[in-house]
1. Please compute, over every Cα-Cα pair in region 100-167, the percentage with a separation greater than 13 angstrom.
2. Applying a 10 Å radius around every beta-carbon, put 365-374, 270-279 in order of their mean neighbour count, most first.
3. Take each of the peptides 49-57, 188-196, average the number of other beta-carbon atoms within 10 Å over its residues, and list them starting from the highest.
4. Take each of the peptides 103-111, 154-162, average the number of other beta-carbon atoms within 10 Å over its residues, and list them starting from the highest.
5. With label points built 7 Å along Cα→Cβ from the Cα atoms of Glu132 and Glu262, find their separation and express it in nm.
6. If the limit is 22 Å between Cα atoms, which of Lys243/Lys296; Lys233/Lys296; Lys233/Lys295; Lys80/Lys295; Lys194/Lys233; Lys243/Lys295 go over it?
7. When the Kirkwood radius is taken over all Cα pairs of region 276-333, what Stokes-Einstein diffusion coefficient follows at 25 °C and 0.890 mPa s, in µm²/s?
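What follows draws every value from the coordinates through simple rules; no lab data is involved. Only a predicted model underlies this, so the values are computations on that prediction, with no experimental measurement involved. Because the Cβ atoms are built from the backbone with ideal geometry, glycine has one as well, and the counts that use them run over all protein chains shown.
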Amino acid sequence: MLGSFSSGFTAFWVKWRSGFVLALRSLWLHKLRSVLSVLGIIIGTAAVIALMAFGKGSMEDALEDIRRQGTTNVIIRSVKPVDDSSGSQRRSWVANYGLTWDDYDRCTPAMIGTVVGQVPMRIFPNEVRHLERVFNARVVATTEAYVRINRFEMAAGRFLVDGEDQKDEGDAQRYRNVVILGAHVAERLFPFEKAVGQTVVLSKHQYLIVGVIKERVARGTTGGEQSQEDYNKDVYIPIQTCKVRFGSRIRIVQGSSRTAEEVQLHQITLTINDIANVRSTGELVRSLLERYHTKKDWEVAVPLDRLEAAERERNRFTGLLVIIALISLFVGGIGIMNIMLATVTERTREIGIRRALGAKRRDITLQFIIEAVVQTSIGGLLGIAVGLAVAFGLPVVARVFFASYLPVRLDVFAIFLSLGFAVAVGMVFGWYPAHRASRLDPIEALRHV
């Protein structure tokens, strides 16, 4: 019994090998036709890999942006309300709105039991100067707790410190004029020297540079003034120093127009003790702000909600990309069937000779299915190479020639999916031409010229 199984497997292997050799010979004899026949498979496979890579990269970047805000955080932001219709408001060029220090005190751990941490922030544009070099940066006034809720690394020096890590009081308590530079700010102001230990000028005051943050990818966030944050253009100062040096009124001059904003805090980030308490705490904060604010000059964002919605959107988006790309492979399969039908007509006499020499119908069917699978497999492998080249080459081109960031994440599943589907396309779309070839009458086939 073992001997019969071995002989049967040997015969099967010989048929597959001979069919594979005949398929390669046929492809080689008709190079242009073979290339055109598998072009759809190449394009479809490359589309699957490239679209999945770019789609996954974009979605993962968006998800990482939300995760960076913290799934156990509640973010409160100041929002400039729609201008009132009263004449007094129209005559005034000072916009007074947003969060206050009283709001900050209402959200302390002592007032809300689920809160375990707070980070206040003031954000405004300002020129940063060093000698003759000037950079229009975004000043972020905050506390040392900022580093705990934002994922970044220091390229040199340190971030803000509190009194617990120093023998004396921290940066904020002593109103120190210290600053931490973003990567682009440091590169522009100090292109050929180390920035730490140098000084810059902010609003006529000198600040000592104590740290430089490593470059971070610019990402969008949840609306408001930080909708397109580029952290590399930020500079960080102690929030108590900001209160002393800048006060509560920020004057912004744009061309011939002039505006001013009086905002005490632009953002408050609350860290919650447990992920199960995030949504309930967010609702509690909303009710507090509605009680003490007569106008809607604030918004409460819960990154956990956005994260779950974005993950659902990612799954839908991935499915859509797969469907679109597989349609391309399906169209390529139709091209394979068309060429195989033409091949059957062209090789009718060859089929008749093989049948006359004793080849069975299943042998003819197997031969043409092997030829179709070989074509689609080669097309799939070439498509994988093209897709990888596009996925890794296009971001380099975008970065070098357009100075833009194109996120890409290679999806290994997409590679196996596209290749497997290409092989399946060869078997499915090659079956009918193969079946038609096996049904030819040997006598009529031998008469074919």
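1. On the way: 1741 of 2278 pairs.
Of all Cα-Cα pairs in region 100-167, 76 percent lie more than 13 Å apart.
2. Working: 365-374: 23.8, 270-279: 16.8.
Answer by packing, highest mean first, reads 365-374, 270-279.
3. On the way: 49-57: 22.8, 188-196: 14.8.
Output ranking for 49-57, 188-196: 49-57, 188-196.
4. Values: 103-111: 14.6, 154-162: 17.4.
By packing density, highest mean first, the sequence is 154-162, 103-111.
5. For Glu132 paired with Glu262, the spin-label model returns 4.2 nm.
6. Details: Lys243/Lys296 24 Å; Lys233/Lys296 30 Å; Lys233/Lys295 32 Å; Lys80/Lys295 10 Å; Lys194/Lys233 17 Å; Lys243/Lys295 24 Å.
As for pairs spanning more than 22 Å Cα to Cα, those are Lys243/Lys296; Lys233/Lys296; Lys233/Lys295; Lys243/Lys295.
7. Translational D for this selection: 165 µm²/s.
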